[in-house]
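The values are calculated or read from the model by the stated rules, or taken from the named source; none is laboratory data. From a predicted model like this one, the values you see are computed outputs, not experimental measurements. Glycine gets a Cβ as well: all are built from the backbone with ideal geometry, and neighbour counts include every protein chain shown. Heads up: the accessible areas ignore ligands, DNA and RNA and are worked out on the full protein's heavy atoms, side chains in. Shrake-Rupley method; radii C 1.70, N 1.55, O 1.52, S 1.80 Å.
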Amino acid sequence: MLNKVIKYFLENKLVTLILLDAMIMWGISTAPFSWDNSIIPRDPVPVDAIPDIGENQQIVYTEWAGRSPHDIEDQISYPLTTALLGIPGVKTIRSNSIFGVSSIYLIFEDDVEFYWSRTRVLEKLNSLPSKLLPEDVSPALGPDATALGQVYWYTLEGRDTAGNPAGGWDPQELRTIQDFQVNYALTAVKGVSEVATIGGFVKEYQVDIDPNAMKAHNVTVAQIMEAVKKSNLDIGARTIEYNKVEYLIRGLGYIESLKDLEESVIISNDNVPIRIKDVAKVQFGPATRRGGLDKGGSEAVGGVIVARYGANPLQVIDRVKEKIKEIEAGLPSKTLADGTVSRITIIPFYDRSGLIKETLGTLEEALTLEMLISLLVVIVLVLNLRASILITSLLPLGILITFIMMRQFGVDANIVALSGIAIAIGVMIDVGVVFTENIIQHIELPKNVGKRGAALMEVIYEGASEVASAVVTALFTTIVSFLPIFAMQAAEGKLFTPLAFTKTFAMLAALFIGLLFIPTFAHIIFSIRFDKGKMSKVWNGVLIILGLTFLIGFGSWLSITLILFGVNNLLEYKWAEDKRKYVNIINVIMTLFVVVYFIANVWMPLGVQNSFFANIIFVLITVGLILGALMLMIKYYTKLLTWCLENKWKFLMAPIFIVLFGITAWQGVDKVFGFFPEFAKNNIVWNKLSEDFPGIGKEFMPTLNEGSFLLMPTTMPHSGVSENVDVIRKLDRNLNAIPEVDLTVGKWGRVNSALDPAPISMYENIINYLPEYKINEEGHKMRFKVDDENAFILKDGSTYKYLEDEFKPIATKDCLKMKMENTLDNGENIFNRLMIFGKIF
């Protein structure tokens, strides 16, 4: 079967090329990277920074204003919990009762579809007994999202035309704009499940009763409440026909001002109407709140965008940003006393797209380095440029095919899933090397030298089919070894299963390429001959012309390599017959230098504070040592193998020591050798080893440098609103005083969302610290060269200005790293300073 597949695609190159084009276009369409492409429609793999390992849950959210947690538990949480028992697929039910709010969490089995579970919960809520809950209490289903869906936080601020803070807006005005303009606009964005508001004051009519006046007029509180309720109502009174025309009759009663409410009649005593203003004071005031927002020590108003379950977070954020640009021009503005025009502006303080793009940029860089290093190793080992190009040029195709399979199987792209592709690069290279090297060996056999056309095709078919079954067996053995990962459940399964999927997809893609494309393109590449006089001169002349064009047009010294390639090949016939083999060696050496150049350019192992030349030298030395060790291993392999076979126990001491050292470093000395308690007791050497080898520790989630910290302190449960506002204001001001901190935004209590059941004594402070690197929109580190002490000139010619108290550059020609004043170089040191600050505070 495998041989028939290889033969069919080898003989039908048009079919192979059409399939290749289809795979490339489909792969580009589904790739998660933000590639500029206006020709191929985009249907990218959903991408996020980290996998969503949360439970499959639905939230039933109920508000009962002013009621204590005990009343909420007895009259809402408990009756609802018992009523919701028996829903299909429910694993467990949890409830949380706080002041005025009940949250019930229904945890479903992992294999239950998300929206199917919502339908079952809604059916149950619609069939609740009529007297189960208090009157005017309506339970609602929470947003169709998970806690990881909070992808974008923002504040509303008054800014001048230059974008500087101008103020002039009080929290009540900002909250009104957020609730009635921004919220509606952003909720309509595709992929947004909810826009939850936080901070500010909700404007309301407040009636402050006067007990003495009430007693004098013989009025009760219930009568006042009933009068207020009935005073804000329009009445319909059917129609009346007059002069053959029908008129609608309405009783207008909606409150439009304080006076309307003040004039409302409560009762009539002796035909004298008693109005609300006679027994109470009516005024505007803020509603009671259970959460707030503080930015740098000042009251703030904002919101959080929650992405819908299953939506692509990166696309949702991009659509939200487009919508913000669209509505900002229509947001209110006012002229302040000093003449400054202050316009409402939406300012983000948490934007996950930065982390997502930086994660993708890091993995894209890692994949680029892996492909370059693979090309380097293949060139050295095979010493055949055509074979090297054949093997490494098909690596991007394998990655594109993996993206296609991820899209079709519903595997989202995140740091864990994409790591599976990076891990599988070696296997993909192995498949290409095995197929290509065996094909070359068959071509170089004396009986096959000089064959062309159909004869060469038959040689390539023999070489590919000879190893096809062995490659398939090896790949499927590796795939089978991942079956235990596929069997994982709960959070562990959600974390590691995407990695197993992507690695399996990459290996299947490598097999697909090895069987279908490598033999075909091997026949195409090895059929090309430049040894004829005219053809060789034309080809090499084209190389020289291209090199001169790129050198004059772009000024890149890499174009000199093309010129040298052409000149070297043209001078081949000037060499003696026995020395012409050195032409290929010279071409290989030049190719190696080009590859090393790109590796150094992407990797920059010594850092950008050192010159690019120093980085190239370091890469050359590193590559030379590694490849030199590899070549020595190949040269002396027979002698080494003979010695190992003759001295088995001496050789086995090395792996035994490595295994013991690895287990000790992993678990720690105490756990590994803790079964000798008497020996360990009061033993100085033992104590020293226990200190030096405590174990490497364990962490469930991978560490990410997100550019921010989340500080979550709590205060006493009985602390009041004024106390919490004062504490979080002081906390944010002191955090902002740390030189490395760019911005601090603190939240106390909860946002208006079922996803946030926090009490008012709980704080969440998002601390954004100044970046060590300037990152572009695609998540790649940007490079600068210094023009003057207050500006950077970007490589595209534009200028980046910065404030003197913001960054202080290192004055080197090719500066990438921007150090901060009084800098601590990384997030860990900033975190240590935050901990010291916490103890002082």
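Checking the structure you have, find out if any residue of segment 262-270 is farther than 30 Å from G167 by Cα, in contact with a Phe, Trp or Tyr (Cβ under 8 Å, 6 or more places away or on another chain) and either loosely packed, with under 11 Cβ neighbours inside 10 Å or not charged (D, E, K, R) (or both). Checked against the condition, which is being farther than 30 Å from G167 by Cα, in contact with a Phe, Trp or Tyr (Cβ under 8 Å, 6 or more places away or on another chain) and either loosely packed, with under 11 Cβ neighbours inside 10 Å or not charged (D, E, K, R) (or both), segment 262-270 yields no hits at all.
Filtering segment 64-80 to residues that are open to solvent by 30 Å² or more (accessible area, probe 1.4 Å), outside any loop (DSSP other than H, G, I, E, B) and without any contact (Cβ under 8 Å) to a residue 40 or more places away in the chain leaves P69, H70, D71, E73, D74, Y78. Those strands (runs of 3 or more DSSP E) of segment 686-775 in which 1 or more residues are at pLDDT 90 or above and touching a Ser or Thr at 6+ places or on another chain (Cβ under 8 Å) occupy 741-749, 763-769. Considering only segment 718-771, state which residues are over 30 Å from Q58 (Cα atoms), without any contact (Cβ under 8 Å) to a residue 60 or more places away in the chain and in contact with a strand residue (DSSP E or B) (Cβ under 7 Å, 6 or more places away or on another chain). Hits for segment 718-771 are D742, L770. Specify the residue that is modelled with the lowest pLDDT; the eligible residues are those in segment 550-570 that are open to solvent by 80 Å² or more (accessible area, probe 1.4 Å) and in contact with a helix residue (DSSP H, G or I) (Cβ under 9 Å, 6 or more places away or on another chain). Once the filter is applied, the top-ranked residue is W557. Is it true that some residue in segment 375-383 is open to solvent by 30 Å² or more (accessible area, probe 1.4 Å) and in contact with a strand residue (DSSP E or B) (Cβ under 7 Å, 6 or more places away or on another chain)? Scanning segment 375-383, I find no residue that is open to solvent by 30 Å² or more (accessible area, probe 1.4 Å) and in contact with a strand residue (DSSP E or B) (Cβ under 7 Å, 6 or more places away or on another chain), so the answer is no.
Among the residues of segment 434-456, those identified as within 48 Å of the chain's Cα centre (by Cα) and open to solvent by 40 Å² or more (accessible area, probe 1.4 Å) are V434, E437, Q441.
In this entry, E364 passes the filter for residues that are charged (D, E, K, R), open to solvent by less than 60 Å² (accessible area, probe 1.4 Å) and more than 25 Å from V741 (Cβ to Cβ). Of the residues making up segment 81-92, just one is at positive phi and surrounded by 13 or more Cβ atoms within 10 Å (Cβ to Cβ), namely G89. Against the numbered list (1) farther than 23 Å from I324 by Cβ; (2) open to solvent by 70 Å² or more (accessible area, probe 1.4 Å); (3) not polar (S, T, N, Q), K190 comes up short only at (1). Remark: L148 falls outside the filter, which requires a residue to be without any contact (Cβ under 8 Å) to a residue 40 or more places away in the chain, open to solvent by 30 Å² or more (accessible area, probe 1.4 Å), among the hydrophobic types (A, V, I, L, M, F, W, C) and part of a helix (DSSP H, G or I). If the condition is being open to solvent by less than 100 Å² (accessible area, probe 1.4 Å) and either touching a Gly at 6+ places or on another chain (Cβ under 8 Å) or more than 28 Å from V282 (Cα to Cα) (or both), then segment 214-259 contributes S231, N232, L233, D234, I235, G236, A237, T239, I240, V245, I249, G251.
For every residue, the table says whether it meets (1) open to solvent by 40 Å² or more (accessible area, probe 1.4 Å); (2) touching a residue at least 40 places away in the same chain (Cβ under 8 Å); (3) not aliphatic (A, V, I, L, M).
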position: K4; (1), (2), (3): yes, no, yes
position: K7; (1), (2), (3): yes, yes, yes
position: L10; (1), (2), (3): no, yes, no
position: L20; (1), (2), (3): no, yes, no
position: M23; (1), (2), (3): no, yes, no
position: G27; (1), (2), (3): no, yes, yes
position: P32; (1), (2), (3): no, yes, yes
position: I40; (1), (2), (3): no, no, no
position: D43; (1), (2), (3): yes, yes, yes
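Among the numbered conditions (1) of a type in the set (K, R); (2) surrounded by fewer than 20 Cβ atoms within 10 Å (Cβ to Cβ); (3) at pLDDT 90 or above, the only one that R175 does not meet is (2). For segment 14-46, what are the residues that are at pLDDT below 85 and under 23 Å from F496 (Cβ atoms)? Passing the criteria: only P32. Looking only at segment 734-779, residues that are within 30 Å of V202 (Cα to Cα) and of a type outside the set (D, E, K, R) come to 25 in all.
V137 falls short on exactly one of the conditions (1) outside any loop (DSSP other than H, G, I, E, B); (2) closer than 30 Å to S127 by Cα; (3) not charged (D, E, K, R), and that condition is (1).
In summary, L156 fulfils each of the numbered conditions (1) modelled with pLDDT under 90; (2) more than 27 Å from E492 (Cβ to Cβ); (3) crowded, with 16+ Cβ neighbours inside 10 Å with the single exception of condition (1). Determine if segment 373-390 includes at least one residue that is among the hydrophobic types (A, V, I, L, M, F, W, C) and under 28 Å from the mean Cα position of the chain (by Cα). Scanning segment 373-390, I find at least one residue that is among the hydrophobic types (A, V, I, L, M, F, W, C) and under 28 Å from the mean Cα position of the chain (by Cα), so the answer is yes.
Checked across segment 231-240, the condition of being modelled with pLDDT under 90 and in a helix (DSSP H, G or I) holds for at least one residue. Selection of segment 170-212 for residues being more than 17 Å from L293 (Cβ to Cβ), in contact (Cβ under 8 Å) with a residue 12 or more places away in the chain, part of a helix (DSSP H, G or I) and not small (G, A, S) yields only Q181.
Screening S95, S117, S103 for residues that are open to solvent by less than 30 Å² (accessible area, probe 1.4 Å), over 30 Å from T362 (Cβ atoms), in contact (Cβ under 8 Å) with a residue 12 or more places away in the chain and part of a strand (DSSP E or B) leaves exactly one candidate, S103.
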